[in-house]
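The values are calculated or read from the model by the stated rules, or taken from the named source; none is laboratory data. Computed from a predicted structure; not experimentally measured. No Cβ is skipped: glycine too gets one built from the backbone with ideal geometry, and neighbour counts run over all protein chains shown. Keep in mind that these areas ignore ligands, DNA and RNA; they rest on the heavy atoms of the full protein, side chains included. Shrake-Rupley method; radii C 1.70, N 1.55, O 1.52, S 1.80 Å.
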Amino acid sequence: MTIDNTSNESDVINSQSSTGSWVDGIWVDGDPTDIQVTRPRTADTDRADSESKTGFLIPFKIEYSIYAGLVMIALAMRLYDLGGRAVHHDESLHGYFSYQLFNGAGYDHNPLMHGMFLFYSIATSFFIVGDSDFSLRLPMALFGTGLVLVPLLLKPRIGQVGAVIAAGMLAFSPAILYYSRFARADIFMAVFTLALIGVMWRYLDERKNRWLYIAAALMALGYATKETQYIVVALLGAYLFTQVWPELRDWLYARKTLREFSPEASFFVLLAVLSLPLLAAGVAIFQNVLGVTLAAEDGLPGVATGSPNGAGWNFAIGISAAFLAAALAIGWYWNRRVFLVAFSVFAIIFVLLFSGFGSNPAGVGSGAWQSLGYWLAQQDVARGNQPWYYYFTIASIYEFLPFGVAGAAGIYYGFKSGFRPWIFVALIAVAMVVLANDTLSFERGLVKGEEQDVLSYVGKLALIVVYGSAVAIPFVLRMSKFNKFLLFWTIGTFIAYTHAGEKMPWLLVNIVLPAIILAASTLNDVIMSIDWRKSWRSRAGLALAGVPIFYIMLWKLVFGDLGEGSKQFASAWAILALLGLLLLALQILASRIGRSQALGIVGLISVVIVFGFTFRAGWVANFENGDIPREMLVYTQTSPDIHDLAEEIERIGQLTGDREEIKIAIDTRDAYSWPWQWYLRRYTEVAFNDYTSGEVEVGEDRVIAVINENNNSKVVTTLPDGFSEGRRLVHRWWFPERYRNVTPRTFFDTLRDRNRWAGSIDYFLYRELSNPLGTIDSFVYISEDVPLVPAR
């Protein structure tokens, strides 16, 4: 008896005998000693066969050198002038509380600032290299560099070339590069998320339990880092559910036991049992029906946001206990040995981080309940107050390469897949038309006590149609199972963050990640489908010149000044003639090597050209406008004036001899205490006061006073004698958000009118703005007694 699994994918095993066993990753009935087993074909062998057929295989030494070069370049870009940018408001919060942790003052979990991993990583950086703006961002820079190597986990699936392309795109992605140089948790989540995806597919291919244990560790780290882990797990669970629902149905009907589950179903169980205890707070969405407070809304006196209150505590404890018991029972009957190891790995990491390694046991409870509860309570707050198309806008400015390739792949497979995907596209179009009709889709309603436009029942139904049709499209396309997953992951992630109330530029890191992997897999397939030797003999190399010339001429025709009258006519016809010749050359090439290969070559050259624009966008955003909000990535940012003033204060401390005991007054109106809490963390004589009421005055012993511009007129009249005339500084500035309130009519009117394109093109290419930056300023006053030379 011989078992030979030659499937290209890890197909669901619908039935397994309870008397059988696993042999080399294959379930077999009866006595395994009587069975001759041929090892299954996996993604590794399929990719290897494909690469050997095309003859396109990168030698190991060259491949190793490419990865080493990408890592070195990524590290250099992430470390260069890492501490030179002004510290953002959020960075200052993370840095200050990490500094307290580093100094032994401790820090207890606060869901406002997400999980504990961020603070321990920064505190560790302070311990190793000292506290500074550089070390504040060092962990993110290192993780951002390490992210470049994570695609190696997916190499059996996306191919050797695909893994290299993914590594390159991760290294140069403008959003990923920017937030690898920014003290937020999103780059950590990118590493944990992509690693979890890689580990899942490694387990499905190899069926080795070690991947389950690694997955458990990655899940714990994700939950201990940021609440976006709930979105990651929900999407993975949703995809796996579509693959294993027959097995789940058989289990519910007692036709199959948990121990007989396939690898796909087993990974689904792992996600479920590890996440179930942390999902208990999700019941808070029904708290109004239940009549108890399970996740307190922001502003409820004496109650932490997202926390239960009153009778809600007993309810929350009961729900949590029930969810935990269910998880333990399911895991026990699934595979007790594997479950106990995986659950122990998960629990140890989760408990240690949230409890502050034992210093705050209550942190385990807040991490398990309040993490999700806080963000459910904040959903209607919609921090950032961005329009629904926000990520379409910012992605088109920075991440046009991966989304462009991913979109092209979806369209290509759509045309290859018959009419079914286009039914869903039509449903989306109809539903969007309904949503664009304010009368049909919106009505007045109360949101947190304020009357606002809210979706009507018709609007909600239309939104469900849009979301449901979009996520259904990958499953009706004629493409590999893995590419279906990548497309589902990309669409699902985009929908999840678009629907979420809070929309911020740093979340683009999470959104672009699946698009990069899908684009890399697509480009790998294109490269492997081309017979490069035949193409070269057919003069396909001329496309290296022809494709750029084509785009230049097309740009000149659409946007260039062709003159007037006969000159315009002659110029237009000359350009059209050249374009026609280039298209003829493409047709000749297609007749020699095939249309798909010819178009593939043109597409690859186009990708290289677009990569040049991607590199430029990343360079300008990170090294020219790093703290200047001409970039949408920068959003609201501390001005470089504050960074410079912090260095000036240090010099003044040396001049006076007071050093870290120099007496400073900081006005805290409009949250001006940040980022000063970070910049002045070592100074012992800093007075933080709000001077709005006029009841507090700057002390006579102060050497430096920094006053909010809105309080300046009243504070200046009470300043002690001996201060210099105030110097105006920009404290905080932000991007002028002209993209808000765009209607379908204005959008299509802009597309039709070429004159309206100028502003968008000028911004895309040169970051030229038609509106000034928004600012809120400070005035700094310095004592005239400061000496001109350092005190001895």
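On the stretch given as region 728-755, residues that are among the basic types (Lys, Arg) and either surrounded by 13 or more Cβ atoms within 10 Å (Cβ to Cβ) or touching a Leu at 6+ places or on another chain (Cβ under 9 Å) (or both) total 2.
Just one residue in the set LEU194, LEU149, LEU142 is over 25 Å from GLU624 (Cα atoms), out of contact with any Ser or Thr (no Cβ under 8 Å at 6 or more places or on another chain) and open to solvent by 20 Å² or more (accessible area, probe 1.4 Å); that residue is LEU149. Out of ARG210, ARG202, ARG255, ARG259, report the one residue that is free of Cβ contacts under 8 Å to residues at least 40 places away in the same chain and assigned to a helix (DSSP H, G or I). The match here is ARG210.
Does region 619-660 hold any residues that are acidic (Asp, Glu), assigned to a helix (DSSP H, G or I) and either open to solvent by less than 50 Å² (accessible area, probe 1.4 Å) or in contact (Cβ under 8 Å) with a residue 24 or more places away in the chain (or both), and which are they? The answer is ASP641, GLU648, GLU660.
If you check GLY318, GLY367, GLY404 for being buried (at least 21 other Cβ atoms within 10 Å of the Cβ) and assigned to a helix (DSSP H, G or I), only one passes: GLY367.
Checked against the criterion of being touching a Leu at 6+ places or on another chain (Cβ under 6 Å) and either more than 30 Å from ALA171 (Cα to Cα) or basic (Lys, Arg) (or both), the candidates GLN587, GLN568 yield just one match: GLN568.
For region 338-348, indicate whether the set of residues that are of a type in the set (Val, Ile, Thr), part of a helix (DSSP H, G or I), open to solvent by 70 Å² or more (accessible area, probe 1.4 Å) and within 17 Å of ILE214 (Cα to Cα) is non-empty. For region 338-348, residues of a type in the set (Val, Ile, Thr), part of a helix (DSSP H, G or I), open to solvent by 70 Å² or more (accessible area, probe 1.4 Å) and within 17 Å of ILE214 (Cα to Cα): present. Screening ALA190 on (1) in a helix (DSSP H, G or I); (2) more than 24 Å from LYS484 (Cβ to Cβ) shows it passes everything except condition (2). Somewhere in region 288-300, is a residue β-branched (Val, Ile, Thr) and closer than 30 Å to ALA215 by Cβ? No, that holds for no residue.
Results for (1) more than 23 Å from TYR683 (Cβ to Cβ); (2) acidic (Asp, Glu); (3) at pLDDT 90 or above, shown as yes or no for each residue.
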position	(1), (2), (3)
ARG702	no, no, yes
GLY726	no, no, yes
ARG732	no, no, yes
PHE735	yes, no, yes
THR746	yes, no, no
ASN755	yes, no, no
GLY759	yes, no, no
PHE764	yes, no, yes
PRO787	no, no, no
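Sub-8 Å Cβ pairs linking a first residue in region 87-112 that is farther than 20 Å from PRO505 by Cα and in a loop (DSSP other than H, G, I, E, B) to a second residue that is of a type in the set (Phe, Trp, Tyr) and modelled with pLDDT of 95 or more, at least 6 apart or interchain, are TYR107/PHE97; TYR107/PHE119; HIS109/PHE354, ordered by first then second residue. Scan region 277-313 residue by residue and report those that are over 30 Å from SER344 (Cα atoms) and open to solvent by less than 10 Å² (accessible area, probe 1.4 Å). Residue satisfying the conditions is ALA296 alone.
Conditions (1) farther than 28 Å from ARG767 by Cβ; (2) without any contact (Cβ under 8 Å) to a residue 40 or more places away in the chain; (3) in contact with an Asp or Glu (Cβ under 6 Å, 6 or more places away or on another chain), marked per residue:
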| position | (1), (2), (3) |
| --- | --- |
| VAL686 | yes, yes, no |
| ASP701 | yes, yes, no |
| LEU729 | no, no, yes |
| PHE747 | no, yes, no |
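Here the condition is being among the aromatic types (Phe, Trp, Tyr) and either buried (at least 23 other Cβ atoms within 10 Å of the Cβ) or out of contact with any helix residue (DSSP H, G or I) (no Cβ under 9 Å at 6 or more places or on another chain) (or both); of TYR239, TYR253, it holds for TYR253 alone. Checking every residue in region 603-618 against the condition of being in a helix (DSSP H, G or I), open to solvent by 50 Å² or more (accessible area, probe 1.4 Å) and in contact with a Ser or Thr (Cβ under 9 Å, 6 or more places away or on another chain) gives zero matches. Checking each residue in region 197-236 for being within 15 Å of the chain's Cα centre (by Cα), open to solvent by 10 Å² or more (accessible area, probe 1.4 Å) and aliphatic (A, V, I, L, M) picks out ILE231, VAL232, VAL233, LEU235. LYS663 falls short on exactly one of the conditions (1) touching a residue at least 12 places away in the same chain (Cβ under 8 Å); (2) of a type outside the set (Phe, Trp, Tyr); (3) farther than 17 Å from SER724 by Cβ, and that condition is (3). Every condition in (1) assigned to a helix (DSSP H, G or I); (2) touching a residue at least 12 places away in the same chain (Cβ under 8 Å) holds for ILE530 except the one numbered (1).
Conditions tested, residue by residue: (1) among the basic types (Lys, Arg); (2) surrounded by fewer than 20 Cβ atoms within 10 Å (Cβ to Cβ); (3) under 20 Å from TRP201 (Cα atoms).
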| position | (1), (2), (3) |
| --- | --- |
| GLY459 | no, no, no |
| ALA462 | no, no, no |
| TYR467 | no, yes, no |
| LEU486 | no, no, yes |
| GLU502 | no, yes, no |
| ASN510 | no, no, yes |
| SER521 | no, no, yes |
| TRP532 | no, yes, no |
